[in-house]
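Below is one structure, written out as structure tokens; the observations come after it.
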Amino acid sequence: MFPDTGIGKESLVIKTFIYVFLIAGAVTMALPYVWMLVTSFKPLEEIHAFPPTFMIKNPTLQPYKDLFSMMPMMRYMFNSLFVAGAVTLFNVFATSLAGYAFAKHKFWGRDIIFFLFIGSLMIPWQVNIIPGFVIVKKLGWLNSYKGLIIPSMAWCAFGIFLNRQFIYSIPDDLIDAARIDGCSEFMIYRKVILPLIRPVLSTMAIFTFLQQWNNFVWPLVVIHTSRMRTIPLALAVLTGQFGSKFAMVMAGAVVATLPILIVYLVFQKYIIKGVAMTGLKA
């Protein structure tokens with residue numbers, strides 16, 4: 001019989017402490033969202049009640065009715081979904097294709113071009129606002145989907161880096177076997193590379209979609225008409241014009257948060273898998 005060293009008890013205490021800490025952190029982060037959701041169903045007198053409470057005595061849908069009657073929220077949601085979806089689809093395709101080229105093909109200047117892409121990540125995005133606005137204005141893309149989508153497609157250096165690091169770890173034997181079977185380079189990309197990089201593509205798609213959905217500064221610069229507003233701009237207008245209607249503002253925040261919350265809950269396993277498996281080789 002081995003003596004009881006107490007290691008098992010210490011391990012249990014450490015695990016208990018970690019779980020308690022994580023649960024406390026999760027509750028702390030979830031409280032603002034719960035308060036936002038609860039407030040969106042409260043009548044005005046319950047919102048101003050003191051002390052405040054999470055309980056709803058007389059729930060109402062009037063804030064949501066006012067929101068959709070006073071503002072074209074469906075139009076704003078369509079704008080955000082269209083812009084975020086278009087940028088996400090293009091970036092996932094373009095960055096995976098570029099990552100495959102940088103990882104598995106040797107051509108003149110490959111490393112220099114790749115390091116230029118990486119170097120662009122060090123440039124603050126605020127520096128690009130004024131040149132970007134000038135270019136969009138010269139092209140006549142103000143107040144249009146082209147002005148919202150096409151410049152955002154150019155911000156893909158991180159996606160190229162992410163895909164390159166992942167594809168680099170794929171054995172060259174798989175690609176050589178496909179070439180021997182007569183596959184073209186694009187067919188190798190479509191039949192061999194894409195099925196193997198689904199985790200990183202899912203991660204890239206989610207991060208890009210969330211970034212574009214929450215993008216506020218660039219739409220604020222290039223959009224001046226109400227019909228082309230995205231959800232972040234709509235929330236800013238909602239807060240400015242109807243700031244005293246707290247339930248309506250909270251209802252707008254719930255509507256804006258719901259799509260990205262659904263996306264995260266559905267694809268969260270791909271985020272974890274992509275982060276765990278990406279960047280193992282350089």
Specify the residue that is surrounded by the most Cβ atoms within 10 Å (Cβ to Cβ); the eligible residues are those in the range 231-251 that are more than 15 Å from the chain's Cα centre (by Cα) and under 20 Å from residue 209 (Cβ atoms).
234
From the residues in the range 118-130 that are hydrophobic (A, V, I, L, M, F, W, C) and loosely packed, with under 13 Cβ neighbours inside 10 Å, which one is farthest from the chain's Cα centre (by Cα)?
130
Looking only at the range 71-92, and only at residues there that are under 16 Å from the mean Cα position of the chain (by Cα) and hydroxyl-bearing (Ser, Thr, Tyr), the one that is surrounded by the fewest Cβ atoms within 10 Å (Cβ to Cβ):
88
Those residues of the range 175-230 which are under 22 Å from residue 158 (Cβ atoms) and in a loop (DSSP other than H, G, I, E, B), in sequence order
197, 214, 215, 216, 230
Single match in 79, 58 (criterion: touching an Asp or Glu at 6+ places or on another chain (Cβ under 8 Å) and at pLDDT 80 or above):
58
Subset of the range 40-65, residues surrounded by 10 or more Cβ atoms within 10 Å (Cβ to Cβ), among the hydrophobic types (A, V, I, L, M, F, W, C) and in a loop (DSSP other than H, G, I, E, B), comes to 41, 49, 54, 56, 61
Which members of the range 183-230 meet the condition of being surrounded by fewer than 17 Cβ atoms within 10 Å (Cβ to Cβ) and within 13 Å of residue 85 (Cα to Cα)?
210, 211, 214
Go over the candidates 133, 102, 115, 107 one by one and state the one that is loosely packed, with under 13 Cβ neighbours inside 10 Å and assigned to a helix (DSSP H, G or I).
115
Among the listed residues 150, 135, 175, identify the single one that is among the β-branched types (Val, Ile, Thr) and within 30 Å of residue 266 (Cβ to Cβ).
150
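Conditions tested, residue by residue: (1) more than 30 Å from residue 173 (Cβ to Cβ); (2) modelled with pLDDT under 90.
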| site | (1), (2) |
| --- | --- |
| 95 | no, no |
| 121 | yes, yes |
| 126 | yes, yes |
| 137 | yes, no |
Just checking, which of 150, 160, 130 is assigned by TED's automatic domain parsing to the domain that holds residue 228, at pLDDT 85 or above and more than 29 Å from residue 101 (Cα to Cα)?
130
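Looking at the structure I just gave you, is residue 84 under 19 Å from residue 257 (Cα atoms) and of a type in the set (Gly, Ala, Ser)?
Taking the combined requirement at face value, the residue satisfies it.
The values are calculated or read from the model by the stated rules, or taken from the named source; none is laboratory data. For clarity, every value in this text was computed on a predicted model and none was experimentally measured. Virtual Cβ from ideal backbone geometry, glycine too; neighbours counted across all protein chains shown.
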